[in-house]
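Have a look at the structure below, then the notes.
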Amino acid sequence: MSQVKVQLGEAMGTSLITLYGKALDARMSPSVLGDEMAAQAIDKIDYDFTKLGMTPKLAPNAAVRTKHFDNWTREFLATHDEATVVHLGAGLDPRVWRVDPAADVDWYDVDYPDVLDVRAKIFPERQHYRMIGCSVTDPDWLAQVPADRPTLIVAEGLTMYLRPQQGHELFRRIVERFPHGTITFDTHNRLAVRLVNKNLTRLFGAPLLHWAIEDPRELEAVDARLRCTDVVSTLLSPSAAALPKATRIFAKLMRHIRALRDMSLCVRYEFGTADRA
Ligand SMILES: C[S@@+](CC[C@H](N)C(=O)[O-])C[C@H]1O[C@@H](n2cnc3c(N)ncnc32)[C@H](O)[C@@H]1O
């Protein structure tokens, strides 16, 4: 079978980085995420992944973040039989297959059309699953997702690519459209944005991250319907138990230094009330 060719635009490139991270992690023993589908997917793409700055050392840390969002997704679905999941900035992440929701769950992946085009070539179709090709800052995607059920929004590796204003508008549109649900996303602080932008500038010629968040609870001020329920430093999350001992010791030490502890935070917000759903 011939391999899928990719044009390394900025969006395409960042989704290849996280896909490759999952593939590297899958080949390790023990693996944090065990995402065999990601490992198989990179063999279908004609690209030299070693250029992306993702290494076997970094891959398990990235996998921990993903595992944490998988667990929050499973938690939401365990308490909502009929639900909608919207994965914003889904890129080439096979989350819907890892979580494998029941037939009562409708799942939407939103990302740029060129990214979803590659996605459609490397992953199979499935029932109750749809892709929506547009920017998350374009209000059109919301109208394509029914608003009649509890809704989980997962946005892993996305907020930092938006401008703060775009992020605020996105959050407002979500709580306006969906009566009741949960938003999960991760944030980078200023230090993380600076460090990651160094690698992105080397790869793409420009810094792509625009939104550093020092305290994710501040987003409650964006709309009165938003309630922050969880903020967890990624490498201190329960999913980090799968990391090598040296990394866990480093993570424990860094929890005393706020700038390091808050470089990558997993955040959960609730909005609306169940009786409005
Ligand atoms: C770092 S990748 C993360 C992909 C995936 N969530 C994961 O964790 O593997 C960032 C993704 O966000 C997408 N993205 C960034 N800005 C976006 C926007 N304004 N609208 C839609 N997708 C966007 C990119 O195309 C890319 O797929």
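The values are calculated or read from the model by the stated rules, or taken from the named source; none is laboratory data. This structure is a prediction, so every number in the text was calculated from the model and none was measured. Glycine also receives a Cβ, built like all others from the backbone with ideal geometry; neighbour counts cover every protein chain displayed. Surface accessibility is based on the protein's heavy atoms, side chains included, excluding ligands, DNA and RNA. Shrake-Rupley method; radii C 1.70, N 1.55, O 1.52, S 1.80 Å.
Relative contact order of the range 24-102, taken over Cα pairs closer than 8 Å and 6 or more residues apart, is 32 percent. Using the Cβ of Glu176 as centre and a radius below 9 Å, the other residues enclosed give a net charge of +3, where K and R count +1 and D and E count -1. When you filter the GluC sites (Glu not before Pro) in the range 120-178 for DSSP loop state and at most 15 other Cβ atoms inside 10 Å of their Cβ, you are left with Glu125. Other residues with beta-carbon under 14 Å from the beta-carbon of Leu265 carry, at +1 per Lys or Arg and -1 per Asp or Glu, a net charge of 0.
Under 22 Å of direct C-alpha separation, and excluding same-chain neighbours fewer than eight residues apart, Lys252 reaches these lysines: Lys57, Lys67. Membrane-span-like helices of the chain, defined as complete DSSP H segments with a Cα extent of 30 Å or more along the helix axis and a mean Kyte hydropathy of at least -1.0, are identified as 59-79.
The listed residues Lys198, Lys57, Lys67, once ranked by accessible area (1.4 Å probe) with the largest placed first, stand as Lys57, Lys198, Lys67.
For the range 104-148, list residues with backbone N below 20 Å from a point placed 7 Å from the Cα of Lys5 toward its Cβ? Correct set: 113-123.
Once the Cα-Cα distance is subtracted from the 0.36 nm per residue extended length, the Glu218 to His168 segment shows a gain of 16.9 nm.
FRET efficiency for the Lys121 to Glu75 pair, using the beta carbon distance and R₀ = 25 Å, is estimated at 0.20. With a 1.4 Å probe rolled over the protein heavy atoms of all chains, the accessible area of Thr79, Thr273 falls in the order Thr79, Thr273, largest first. Accessible surface computed residue by residue for the range 62-276, with neighbouring protein chains in place and a 1.4 Å probe, gives 45 Å² per residue. Solvent-accessible area assigned to carbon and sulfur over the chain amounts to 52 percent, based on a 1.4 Å probe. Measuring nothing but how far apart in sequence close Cα pairs (under 8 Å, 6+ apart) lie, relative to its length, the chain scores a relative contact order of 18 percent. Per-residue accessible area (protein heavy atoms, 1.4 Å probe) orders Thr84, Thr50 as Thr50, Thr84, starting from the largest.
Using only helices, what value at 222 nm comes out for the chain when you add -39,500 (n - 2.57) per DSSP H run of length 4 or more and divide by the total residues, to the nearest 500 deg cm²/dmol? One gets -11500 deg cm²/dmol as the mean residue ellipticity at 222 nm. Listed by chain and number, the lysines placed with their C-alpha closer than 20 angstrom to that of Lys121 are Lys5, Lys22, Lys44; residues fewer than eight positions away on the same chain are left out. For Phe185, the shell of other residues with beta-carbons less than 10 Å away shows a net charge of -1, using +1 for Lys and Arg and -1 for Asp and Glu.
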